[in-house]
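J.: Quick one: the structure is below, and I'll ask about it shortly.
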Amino acid sequence: MNQQRKGLFTVHFSTVLFGLSGLFAKWVHLPSIILVLWRVIFSSAFLLLILKLQKTTLRLKKRRDYLLMVLAGIVLSIHWTTFMQSIQTSTVAIGTMTFSTFPLFVTFMEPWLFHEKLKPSNVICAIVMLLGVLLIVPEFHLGNAMTRGVLWGMVCSFTYAILSLMNRNFMKNYTSTQTAFYEQFTATILLFPSMLWMQPMITPKDLLILLLLGTVCTAIAHTMYIEGLRYVKVQTAGIISGLESVYSILAAFLFLREIPSVKELFGGMVILGVVFYSTLTSAKSESISLPQVVEK
């Protein structure tokens, strides 16, 4: 398996795990910020264990990188909190489908930040994906819970685009596990005061479910995604991430009995078509070497 195919496989598999994460917003009846706090507590602890077993240093190469990692952790906190809030406000389908607008932001931000050429094909793919998302959106009215869910999802999408581009820069000098640990440990510190302020009631069952979220669907999935971005451009990986909504809708149907509407199903088909088109064309046309590219 060459480097690019390895990257594509890794990004796809991690997307499956990410697709399952939306279910936890429905399984655990806690405020979104508390849910995310426990998610990063378990995840950062798991990542620290991995780093210790691998005997990987926690020291960063530049003082400036500590500040950048903290900033990325802040963005991650906002991203995951708004993601869970979007799903709790509406449905798994709405939350994950609106999150899929992420490639639209990256398509225009990445060439500007990294001085790369803006490809018309990537613009078209992003627009088509956005149209697919719009198919599942109900009337735009703030009194509508689904509309509020869409707005939370758009904030989630925008912050995710910023985070992905920051991670691309980190991957030039640090491993995926180092990057994920610093971001999630920062999020743990940032969100911990919410536990003291809100004092939520958490059952042993909740903790078990959150442990699964923090390890499998967060630490492992997040690390795999970042690792995959060593070989795949953020734009391509962003298009692949559109599959997350498809996996989430299927999982919500199987485990939550959330039945998507015809519009949601059609929107998912549009996104899926863009994903496979982007993946196939990128595998033929892109040539990315390990030292050259980085980067969820």
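The values are calculated or read from the model by the stated rules, or taken from the named source; none is laboratory data. The shown structure was predicted, so the numbers you read here are calculated from the model rather than taken from an experiment. Here Cβ is always computed from backbone atoms with ideal geometry, including for glycine, and neighbour counts include all displayed protein chains. Side chains are part of the model used for accessible areas, which takes the heavy atoms of the whole protein and leaves out ligands, DNA and RNA. Shrake-Rupley method; radii C 1.70, N 1.55, O 1.52, S 1.80 Å.
J.: Using a 1.4 Å probe and counting only protein heavy atoms, arrange Phe24, Phe266 so the residue with the most accessible area comes first.
T.: Result of the area sort, largest leading: Phe266, Phe24.
J.: For a quick check: with amide H placed at 1.01 Å from N, whose amide H comes under 5 Å from Glu258's, ignoring anything fewer than 5 positions away on the same chain?
T.: Answer set, sorted by chain and number: Phe253.
J.: Just subtract the alpha-carbon distance of Tyr66 and Leu131 from 0.36 nm times their residue separation and send over the number in nm, one decimal.
T.: Extra length available between Tyr66 and Leu131 comes to 19.5 nm.
J.: Using heavy-atom solvent-accessible surface (probe 1.4 Å) with all chains present, what is the largest-first order of Tyr231, Tyr247, Tyr66?
T.: Ranking Tyr231, Tyr247, Tyr66 by accessible area, largest first, yields Tyr66, Tyr247, Tyr231.
J.: First measure r as the distance between the Cβ atoms of Gln3 and Gln199, then evaluate 1/(1 + (r/R0)^6) with R0 = 35 Å and state the FRET efficiency to the nearest 0.05.
T.: 0.10
J.: A follow-up question, please. Which trypsin sites (Lys or Arg not before Pro) from region 50-86 combine a DSSP loop assignment with at most 15 other Cβ atoms within 10 Å?
T.: Lys55, Arg59, Lys61, Lys62
J.: Also: Convert each backbone phi in region 176-188 into a coupling constant with the Karplus relation 6.51 cos²θ - 1.76 cosθ + 1.60 (shift: θ = phi - 60°), then list the ³J(HN,Hα) values in order as whole Hz, x for Gly and Pro.
T.: Calculated HN-Hα couplings, in order: 4, 5, 4, 4, 5, 5, 4, 5, 7, 5, 4, 4, 4 Hz.
J.: Next question. From the phi angles alone, apply the Karplus equation (6.51, -1.76, 1.60; θ = phi - 60°) to region 159-166 and give each ³J(HN,Hα) in whole Hz, x where the residue is Gly or Pro.
T.: Here the 3J(HN,Hα) series is 5, 5, 4, 4, 4, 4, 6, 5 Hz.
J.: Out of these labelled values of volume of the Cα convex hull per residue in Å³, [x] 123; [y] 132; [z] 146, which was calculated from the coordinates shown here?
T.: It is the value labelled [y].
J.: In the chain, what percent of the accessible surface is made up of carbon and sulfur (1.4 Å probe, ligands and nucleic acids excluded)?
T.: Percent of accessible area from carbon and sulfur atoms in the chain: 71.
J.: Any idea how many Lys pairs in the chain come in under 19 angstrom at the alpha carbon, given 8 or more places apart or on separate chains?
T.: 16
J.: On a full-extension model of 0.36 nm per residue, what is the gain between Asn144 and Lys117, subtracting their alpha-carbon distance, rounded to one decimal in nm?
T.: 5.7 nm
J.: What whole-number value in Å² describes the accessible area per residue of the chain for a 1.4 Å probe?
T.: For the chain, the solvent-accessible area averages 46 Å² per residue.
J.: Given axes a ≥ b ≥ c from the Cα gyration tensor, I'd like to know whether region 209-275 is rounded (a/c under 1.5), prolate (a/b larger than b/c) or oblate.
T.: The shape class here is oblate.
J.: How do Lys172, Lys26 stack up against each other in accessible area, from largest to smallest, with a 1.4 angstrom probe?
T.: Lys172, Lys26
J.: Follow-up question, since we're still on this one. Please list the non-local residues whose amide H lies under 5 Å from the amide H of Leu23, H modeled 1.01 Å from N, same-chain partners needing a gap of 5 or more.
T.: none
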